[in-house]
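Everything below concerns the one structure shown next.
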Amino acid sequence: MAAIKSEGELAKLTIIKDELYETMKEHGSEEREFSQADIKALNVIPNNDTATLLKVIQALTDEKLLVGFALPGGEIRWRWRGREDARKYTSLPDEATMLVYGIIDSAGQDGVWVRHIKARANIQDATFKACIKVLETKGYITSMTNVEMPNRKMYIRADLKPSERATGGPWFTDGELDEAFIKAIEGIIFEYIKTRSAYMSRGTSVPQKLPRKGVVTGEVARGVKRTATDISHDDATPVPPTTKGVPPPRKKEMFLPMPAGYKKYPTVNEITEFIHMQKVSSAMLGVADIQALVDVLVFDGLIEPIAVNSRKGYRVVRPTKQDTLSYAKRKQEQEAHPELGEPELGPPPVSSAVTEAPCGKCPVFELCQEGGPVAPSTCVYFQEWLGLEEPAVLSGTVPP
């Protein structure tokens, strides 16, 4: 009879255990932390009996369906684990392997360094290697590289994708900064801002102004009023052939700034939506990713922020100096003719007499004086700037 009673209690405990597990799943995600009071509030344990509660929690923990942990104050809490993940734990051969897998599992998408695994598991190196071999053979874990610590060997659950913090986000490929991809997206962003914050002026020919009737326009008596008698003789006088006037040259095409009060400067959200529509990348670029590149363009002095109602928009600087040929077309020309060099975004740098002269950008300006190691009379930079074959030598005595 005692055995039958024990079997009846076990069956009852199993029913309560399964009901509690399903109820916890209904009342929170895997990240929710349940205290003892929270579990009692679910009204699954009969009469909220503490002894029964402890037996049920222990059974769920043994089956790896509950994960217990202690808070800094000493309070114990639990999180539920999916049945598929629990089966992985129960399929492992020993506690050491379970412990290593648990540490890697708890690290999530950031992964965990080998040294930290060994320190937390407190196991010998040979045991650790055996555990890793079992886990890799079963396909439960895989190695990964963190761009912040590329020399550290790290592990992550095989079914998880490393976080952007670990991979560097869309700007990294196989742990390496993808500079070509970044440059291409920067070019698209810059061209979009340029065409949305300035307009193209095609230029028009100015019509020639015809002389007023009765005014001589020749070399003699230009602008002198003619009499009626003089005008009456014009019909008898043969008109010499004239050459058609050459119209003035067309104005140069250029970008011009938008008028005051313009409120359609592109925002980061609009730029992000445009990038998605272009489908230039298989990686999903978020607003934060595009904002990072926009900030780079701001720091480089290529664009500037401007208020757009209650939002922040962006516009190009020095629009009249911008290249009328798009960055994409200039890139195609560079690929066809590599000697042209890499196309640059934005207008050429501002130049003046100071920046054009060698002294304006001389790396040894402070050392330059007559009689010193560097002097104007022997300056090789001046020789190159002036196109002289020999350094210029100043006449006269050298001051002491």
| request: Could you calculate the FRET efficiency of residue 116 with residue 333 from 1/(1 + (r/R0)^6), where r is the beta carbon distance between them and R0 is 56 Å, rounded to 0.05? | output: 0.60
| note | Reported to the nearest 10 Å², residue 14 has, with a 1.4 Å probe, an accessible area equal to 50
| request: Could I have the simple spin-label model distance between residue 159 and residue 278, label points 7 Å from Cα toward Cβ, reported in nm to one decimal? | output: 3.8
| Calculated FRET value between residue 29 and residue 310, using beta carbons and R₀ = 41 Å, to 0.05 | 0.70
| task | Could you pull out every residue, at least 5 positions away or on a different chain, whose amide H is within less than 5 Å of the one on residue 153? Hs are placed 1.01 Å off N in the peptide plane, and Pro or chain starts have none. | result | 114
| How long is the gain from residue 12 to residue 320 if the chain were fully straight, where each residue apart is worth 0.36 nm and the alpha carbon distance is subtracted? | 102.6 nm
| remark: Carbon plus sulfur, as percent of the 1.4 Å-probe accessible area of the range 2-157, comes to 49
| note | The value for the range 90-213 (convex hull of the alpha-carbon atoms, volume per residue, Å³) is 148
| remark: Quick tally, 1.4 Å probe accessible area for 144, 24, sorted with the most first, runs 144, 24
| task | Report the Stokes-Einstein translational diffusion coefficient (µm² s⁻¹, integer) for the range 1-64, Rh taken as the Kirkwood radius over Cα pairs, at 20 °C with viscosity 1.002 mPa s. | result | 172
| task | Please find the FRET efficiency linking residue 298 to residue 36, where r is the Cβ-Cβ separation and R0 is fixed at 35 Å, and quote it to the nearest 0.05. | result | 0.05
| Listed pairs 25/279; 264/361; 183/252 exceeding 32 Å between Cα atoms | 25/279; 264/361
| Quick one: if you stick a label point 7 Å off each Cα along the C-beta vector at residue 388 and residue 181, how many nm between them? | 5.3
| task | Enter the accessible area of residue 61 (Å², nearest 10), with the probe set to 1.4 Å and all protein chains included. | result | 40
| remark: Any trypsin sites (Lys or Arg not before Pro) in the range 264-327 that lie in a DSSP loop and have at most 15 other Cβ atoms within 10 Å would be 264, 279
| query | What are the aspartates and glutamates whose alpha-carbon lies under 18 Å from the alpha-carbon of residue 129, with same-chain residues fewer than 8 places away excluded? | reply | 94, 95, 105
| remark: Heavy-atom accessible area of the range 269-328 with neighbours in place, 1.4 angstrom probe: carbon+sulfur share in percent works out to 54
| note | Neighbours of residue 46 by Cβ distance under 13 Å: Lys/Arg at +1, Asp/Glu at -1, summed charge +1
| task | Note down the net charge around residue 136, summing +1 for each Lys or Arg and -1 for each Asp or Glu among other residues with Cβ under 15 Å from its Cβ. | result | +4
| query | Distances over 15 Å make up what percent of all Cα-Cα pairs in the range 246-345? | reply | 73
| field | Net charge of neighbours whose Cβ lies under 12 Å from the Cβ of residue 123, counting Lys and Arg as +1 and Asp and Glu as -1 | value | 0
| said: At 1.4 Å probe radius, can you tell me the per residue accessible area of the range 273-360 in Å²? | reply: 63
| Considering only DSSP states other than H, G, I, E and B, which GluC sites (Glu not before Pro) in the range 109-194 qualify as loop sites with at most 12 other Cβ atoms within 10 Å? | 148
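The values are calculated or read from the model by the stated rules, or taken from the named source; none is laboratory data. Every value quoted in this text rests on a predicted model; they were computed, and no experiment measured them. Cβ sites come from the backbone with ideal geometry, for glycine too, and all protein chains shown count toward neighbours. Note: areas computed on protein heavy atoms with side chains; ligands, DNA, RNA excluded. Shrake-Rupley method; radii C 1.70, N 1.55, O 1.52, S 1.80 Å.
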